[in-house]
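Structure record follows, encoded as structure tokens.
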Amino acid sequence: MIRDAIPADISAITAIYNDVIANSNAIYREDPVEEAERLNWFNEKKRVGFPVVVAEIDGQVVGYGVYGSFRFGEGYNDTVEHSVHVGANHRGQGIGKKILEDLINRARIENRHNMVAAIDSTNETSISLHAAYGFVETARMPQIAKKHGKFLDLVLMQLTL
Ligand SMILES: CC(C)(COP(=O)(O)OP(=O)(O)OC[C@H]1O[C@@H](n2cnc3c(N)ncnc32)[C@H](O)[C@@H]1OP(=O)(O)O)[C@@H](O)C(=O)NCCC(=O)NCCS
């Protein structure tokens, strides 16, 4: 089941987020965050009216998705940047697809014009996932970020709705 996130989901969302920080280059951060940080993030998304959704199986939150502003300024209002993260024990079971489909549906309903995914260039799973839904690479930014002392390349994949 994909549903809107509620504050009670923040604990599970934080655990997934911190695991992705610790064990991948999918998020360009190095230190784990507190639940309070993710609660502020969630509250800010809700205040502005952006979706935060979770995938739930048997009452357990196993993944989440979100979108928000791509860049500051009203000229970007028709473009959203999204993220999808699935818990390590639940990957490869179609959950990422379900979350991405839900976000695309919401962006269509909101009459957004573009969705952008900012993906580390080594993240073949996410690149394949997005390509399967029609996202195409529209930018590749060499050495745009650094994690654990190593520069990383970022790929922007865009779906024009
Ligand atoms: C990337 C991620 C969201 C995908 O979610 P998922 O639930 O594991 O993926 P799904 O089972 O829905 O698979 C979706 C598609 O991804 C691709 N995929 C899945 N696992 C893959 C793998 N091991 N290698 C390559 N492609 C893979 C395939 O295209 C697959 O579609 P298919 O099953 O029709 O072939 C998830 O693996 C994840 O959270 N990873 C860590 C954090 C992350 O990278 N987030 C994305 C940041 S941009």
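Of note:
- Nearest-20 debye value, the chain charge dipole, Cβ charges on Lys, Arg, Asp, Glu: 260
- Here is the tail figure for the stretch 2-67: Cα pairs spaced more than 18 Å apart come to 35 percent of all pairs.
- Pairwise label distance in nanometres, residue 97 with residue 44, each label 7 Å out on the Cα-Cβ vector: 3.4
- On a per residue basis, the convex hull of the C-alpha atoms belonging to the stretch 2-160 measures out at 113 Å³.
- Given 98/146; 97/150; 45/146; 45/147; 45/97; 46/97, the pairs whose alpha carbons are separated by over 28 Å: 98/146; 97/150
- Taking label points 7 Å from Cα along the Cα-to-Cβ direction, residue 6 and residue 27 give a separation of 2.3 nm.
Throughout, read-outs are computed from the coordinates displayed, never taken from laboratory work. Note that the coordinates shown come from a computational prediction; the quantities given were computed from them, not determined experimentally. Because the Cβ atoms are built from the backbone with ideal geometry, glycine has one as well, and the counts that use them run over all protein chains shown.
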